[in-house]
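For reference, the structure is listed below as structure tokens.
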Amino acid sequence: MKGYSVFSLVRNAFSGHRHWNPVWRTPKLRKSYDIVIIGAGGHGLATAYYLASKHGIRNIAVLDKGLIGGGNTGRNTQVTRSNYFWPQSAAFFDHSLKLYENLSRDLNFNVMLSQRGVLTLAHSHHELESLRQRANAIQINGVDSEVMTPAEIKKLVPLLNMSARHPVLGGFIQRRAGISRHDAVAWAYARAADAYGVDIIQQCEVEGFDINDGRIAGLQTTQGKISADKVSIAVAGHTSIMTAKAGFRVPVTSMALQAMVSEPIKPCLDTMVASSAIHMYASQSDRGEIVLGAGADVYTSYAQRGGIPLLEENVSALLELLPAFSRLKLNRQWAGIVDITPDTTPIMGKTPVKNLYISGGWGTGGYKAIPAGGDTMAYTIANDNAHPLIEDFGLERFEIGALIDEGSSSGVAH
Amino acid sequence: MLRIPCLYCGVRDEVEFRYGNDAHVSRPSPAVSDAEWSDYLFNHTNPKGVHFERWCHVFGCGQWFNVARDTVTHEILAVYPMGNPAPDLEE
Ligand SMILES: Cc1cc2nc3c(=O)[nH]c(=O)nc-3n(C[C@H](O)[C@H](O)[C@H](O)COP(=O)(O)OP(=O)(O)OC[C@H]3O[C@@H](n4cnc5c(N)ncnc54)[C@H](O)[C@@H]3O)c2cc1C
Ligand SMILES: [Zn+2]
């Protein structure tokens, strides 16, 4: 891999930027691999990268029916935080945030991490109480978290309307949290994995599995049959469709989660602001757009478009809290299909099929998890044993009743 | 936006309804294994295509009913009462 540096930039500037090397190869699908990963989203690509870099396994293919990062990884609102309520979640997501903090250097690719703080607002005394409890739990989990007074909040985000119909009574912030560039994360892992010899095959859809005696033997794809010792599923909204082909069910509901951006404006919002009660979160991208996220349309859907009622609800929530944005035009609105679990905790680890692994159930919040998801899945696949950080995230938790209910403790979708 | 034909009130906007996921799920006997019980509790058919599902007209008549809907096009193919079997959509 040719590293990027100021020198390579200058050198290529002299030749009019006509001689940059392709960022990754376009290899042909071979007949056999040690490990095949289904889905070239952030999770699949990061898993391949850590398998190659940390576990020395190079004979790997990552297959995608579409393009690198064309799924939810390239559609999300980029919130990167680790302020989770339950200890298992906090440990996992903080590992991820720590990896994010060094990711640009580790992968020699600028993922534009901006630790601008994620501020969650409280609009009633009850909400403020539960938010204080969350802030304490998060601190006990060893993650930074601060409760803020209305005066402190107003100083941090001067545009906020503090006395809206749902007045701002307080809030809490994780200062290490922020946003990063989602495409860059996918591209950085793809480039780094490719440099280790991982074959990333785009426009190759997996249609079925070959299973012998309960053990994975290979795959059927639109580019032909291949054999594989181990296979891992990382297909987000299509998780249950993939597992059905392998003969088992997973507790996910696929729904359309939407987001939107405004036209670009001058810098005016340098914190990520979220409100669970009136259901919106907003940040300003480096390009100046206001990025606005909402919830998922609350019915099963594989249509990659968001419904109008939620869009309206979301925009009115934004304008109530940040009325200065009322004249902005929306530039784009889109949706991705997210697989939501009953406890909104991911499903990671082994499956009922030997040597078939799963990383799914990422629902509305798996972007921030990409580095740790890749790291822990690589370990799990290489050792055929769950990484200690994800021991409690396995499919068996539903059978033994050991759910990790982040849904009720996080609220807003990001 | 979905326009859902309530069996009792006629066509209304999706915001008047609450979704109830899979129709035709019946509770197994308490004697089943943990695996079967958790399958009943947590797993859904979650299909890409036709889905038989329950909706409740919460901001209307308050009644539950079943809907056959395509989860890709969102087209509503049939509406039928609770307790009725899934319609044969081939006809
Ligand atoms: C609007 C929106 C906003 C979001 N905001 C945030 C946020 O702010 N913060 C956060 O942490 N998370 C957020 N998320 C969630 C986050 O985007 C996802 O959890 C994460 O990107 C999942 O990554 P992945 O690699 O598992 O899936 P994806 O990136 O979706 O990749 C899965 C890939 O699998 C491929 N695939 C599917 N089926 C097959 C098949 N049969 N054969 C081959 N390939 C297949 C797809 O083409 C796709 O490229 C948001 C999601 C959406 C939609
Ligand atoms: Zn009705």
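The values are calculated or read from the model by the stated rules, or taken from the named source; none is laboratory data. Computed from a predicted model, the values in this text were never measured in an experiment. Don't worry about glycine lacking a Cβ; one is built from the backbone with ideal geometry, like all the others, and counts go over all protein chains shown. Accessible surface is based on the protein model in full, side chains and every heavy atom, while ligands, DNA and RNA are left aside. Shrake-Rupley method; radii C 1.70, N 1.55, O 1.52, S 1.80 Å.
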How high is the relative contact order of chain A, given as a whole-number percent (alpha carbon pairs under 8 Å, six or more residues apart)?
-> 22 percent
For B:Val58, what charge total do you get from the other residues with a beta carbon under 9 Å from its beta carbon, if Lys and Arg give +1 and Asp and Glu give -1?
-> 0
Percent antiparallel among DSSP beta bridges confined to the protein assembly as shown, nearest 5, equals 75 percent
B:Tyr8 to B:Ala31: extension gain in nm, 0.36 nm per residue of separation minus the Cα-Cα distance?
-> 4.5 nm
Kirkwood Rh over alpha-carbon pairs of region B:30-74 plugged into Stokes-Einstein at 25 °C, 0.890 mPa s gives a D in µm²/s of 192 µm²/s
For the protein assembly as shown, what does -39500 (n - 2.57) per DSSP helix run (n ≥ 4), summed and divided by total residues, give at 222 nm, in deg cm²/dmol to the nearest 500?
-> -8000 deg cm²/dmol
Considering only protein heavy atoms, what is the solvent-accessible area of A:Asp405 at a probe of 1.4 Å, reported in Å² to the nearest 10?
-> 60 Å²
Evaluate the charge dipole of region B:1-42 about its Cα centre and quote only its size in Debye, nearest 20, assuming +1 on the Cβ of each Lys and Arg and -1 on the Cβ of each Asp and Glu.
-> 240 debye
For region A:1-155, projected area of the alpha-carbon convex hull averaged over all directions, nm² = 13.9 nm²
Residues in region A:273-313 that, when all protein chains are in place, have 40 Å² or more less accessible area than the chain alone would give (probe 1.4 Å) | A:Tyr299, A:Thr300, A:Tyr302, A:Arg305, A:Pro309
Using a 1.4 Å probe, how large is the accessible area of A:Phe7, given in Å² and rounded to the nearest 10?
-> 150 Å²
Would you kindly derive the ³J(HN,Hα) couplings of region B:64-70 from the backbone phi angles with the Karplus curve 6.51 cos²θ - 1.76 cosθ + 1.60 (θ = phi - 60°), listing them in order in whole Hz, with x for Gly and Pro?
-> 8, 7, 9, 9, 9, 9, 7
Residues whose placed amide H lies under 5 Å from that of A:Ile211, excluding near-sequence neighbours = A:Ala217
If you build a Gaussian network model of chain A, linking Cα atoms that sit under 10 Å apart, which residue out of A:Val168, A:Val23, A:Val79 swings the most?
-> A:Val23
Between A:Ser53, A:Ser145, A:Ser96, find the one with the highest GNM mean-square fluctuation for chain A; connect C-alpha pairs within less than 10 Å.
-> A:Ser53
Heads up, I need the accessible area for A:Asp229: 1.4 angstrom probe, whole protein in place, Å², nearest 10.
-> 90 Å²
Proximal lysines to A:Lys245, defined as alpha-carbon separation beneath 24 angstrom and excluding residues fewer than eight positions away on the same chain = A:Lys31, A:Lys65, A:Lys225, A:Lys230, A:Lys350, A:Lys354, B:Lys48
Residues of B:11-22, mean number of Cβ from any other protein chain within 10 Å of their own Cβ, rounded to a whole number?
-> 3
Can you check how the C-alpha radius of gyration of the protein assembly as shown compares to 2.2 N^0.38 Å, as a plain ratio?
-> 0.99
Describe numerically, in nm with one decimal, the distance between label points set 7 Å from Cα along Cα→Cβ at A:Ser227 and at A:Arg287.
-> 4.7 nm
Return, for the Cα atoms of region A:104-172, the radius of gyration and Dmax in Å, separated by a comma.
-> 15.2, 47
Shape descriptor, region A:261-391: equivalent ellipsoid semi-axes (Cα gyration tensor, sqrt 5λ, whole Å, largest first) stand at 35, 17, 12
Straight-distance crosslink candidates among lysines, where the alpha carbon sits under 22 Å from A:Lys154 and sequence neighbours closer than 8 are dropped | A:Lys266
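Can you give the accessible area per residue of chain A, in Å², using a 1.4 Å probe?
40 Å²
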Kyte-Doolittle cut-off 1.6, length cut-off 30 Å along the helix's own axis using Cα: show which whole DSSP H helices in chain A pass.
-> none
The correct ranking of A:Asp213, B:Asp39 by accessible area at 1.4 Å, largest first, is A:Asp213, B:Asp39
Within 10 Å of each Cβ in B:45-51, the average number of Cβ atoms from other chains = 6
If we count every other residue with Cβ under 13 angstrom of A:Ser5's Cβ, Lys/Arg +1 and Asp/Glu -1, where does the sum land?
-> +3
